[in-house]
Amino acid sequence: MCRAPEDEHVHDLMFKSEDDLESLKGHLENLHGQWADLAKAAPMKAPAESGEIDPWRLDRELKGHVEARRRWDDAFGQLVMLFQSIRGWDHLGFASFGHYCEEELGMGERAVAQRAALERGLVRNPLLRQALAEKRLSYEKARLIARDAAPEEVPGWIERAHHLTCIELRRKLHERDEEQMCARGQFNVWMPESVAVLLKGAFRALRAAAKRWMWAEECLVALAEHFIETYKHLLTWARTLHRRIRARDRHFCQVPGCSRVAVHAHHIKSRSQGGTDGEWNLVSLCAAHHLHGIHGGRIRVTGRAPDALVWEFGLRRSYAATAVP
């Protein structure tokens, strides 16, 4: 239950602090020794044109580089977490964390933020770090458990994850979260920091307009009512057609490998290009793949739903549709 705030400037939508800066510094100091005298990698000579290539030597070299990369990845996650905690991009003159990631690291903000989030989970759960180091868990499985599992649940999820695919593990964790939220009568929402800041701003605007304090649930209801009032002329059409499409696709995003719940029905051939509202021309997508994938130009889908779709990722590779079973 929420309590009334002591003053009007307190917000009931808060970010949960997960960084223990001092313990992180100590952890980094303990690891520093292994990097202090790190030798430079010896250059590899190209094989002579007439000489034979030894596949066993190449195998050893590749495995050695993979192991070195894993150790460097550990250090990368720790440094990114520390960099986030001090808002390092502000000191360096960048507009945002995403701006820094793209300009200086050459990486997407989401990938870097996920690595930092995993590191926070590993700091809280040493057993998870051990399982990852022993290769009993993949990176993605460790990230899911670190994000969604309580510390006391981690050992059990590590054992279960060994027999599950990443998609199955994500669904099991999602089902567990829904059961717990229903039992508590509360719900949790994962969102990017930028979205949370926007939501807090909307709450402040609603309270200012009402000239009184409004609880978070009141604000959410008011936002929903405003949305319905604005788009109610589309509700009947959306309920009949889009719900039918999502039901056909079993309410899951149809992008190969995605396990998120579908919230949008996307026109495969847009209406502006002559596409229709026929069911063959609609496919269920999650918000991320619809907005950032399709409309962001990273993904393209063609063909006919539901069984004759072709997906193109990054406009480089094509896959025949493998709808989520």
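The values are calculated or read from the model by the stated rules, or taken from the named source; none is laboratory data. Computed from a predicted structure; not experimentally measured. Virtual Cβ from ideal backbone geometry, glycine too; neighbours counted across all protein chains shown. Remember, those area values only see protein heavy atoms, side chains included, never the ligands or the DNA or RNA. Shrake-Rupley method; radii C 1.70, N 1.55, O 1.52, S 1.80 Å.
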Can you work out the PRE-style zone for Arg124? Point 7 Å along Cα to Cβ, and I want the residues of the stretch 145-182 with backbone N under 14 Å. 145-155
Using the beta-carbon distance between Ser272 and Ala111 and R0 = 35 Å, what value does 1/(1 + (r/R0)^6) give for FRET efficiency, to the nearest 0.05? 0.60
Residue-by-residue Karplus 3J(HN,Hα) for the stretch 260-275, coefficients 6.51, -1.76, 1.60, Hz, glycine and proline x: 6, 5, 6, 10, 10, 10, 9, 6, 4, 10, 4, 5, 5, 9, x, x
When the Cα centres of the stretch 212-230 and the stretch 88-140 are compared, how far apart do they sit, in Å? 34
Computed FRET efficiency, Cβ-Cβ of Glu179 and Trp56, R0 51 Å: what is it to the nearest 0.05? 0.50
Residue-by-residue Karplus 3J(HN,Hα) for the stretch 146-158, coefficients 6.51, -1.76, 1.60, Hz, glycine and proline x: 4, 6, 9, 9, 6, x, 6, 8, 4, x, x, 5, 4
Residue-normalised accessible area of the stretch 218-307, expressed per residue, 1.4 Å probe, Å²: 60
Glu217 to Trp280: extension gain in nm, 0.36 nm per residue of separation minus the Cα-Cα distance? 18.8 nm
Of 280-287, 242-249, ordering from highest average Cβ density within 10 Å down gives 280-287, 242-249
Tell me, how many Å apart are the Cα centres for the stretch 167-201 and for the stretch 236-292? 22
What net charge do the residues around Cys101 carry, taking every other residue with its C-beta under 11 Å from that of Cys101, with Lys and Arg at +1 and Asp and Glu at -1? -2
Residue separation times 0.36 nm, minus the C-alpha to C-alpha distance between Glu312 and Arg70: what's the value? 84.1 nm
By how many nm would the segment from Lys200 to Glu159 grow when fully extended, if each residue of separation counts as 0.36 nm and the alpha-carbon distance is taken off? 10.9 nm
What residues of the stretch 279-312 lie in the reach of a label at Arg248, counting those whose backbone N is under 15 Å from a point 7 Å from the Cα along Cα→Cβ? 279-285, 302-310
Applying 1/(1 + (r/R0)^6) with R0 = 45 Å to the Cβ-Cβ distance of Glu168 and Leu79, what FRET efficiency is obtained, to the nearest 0.05? 0.90
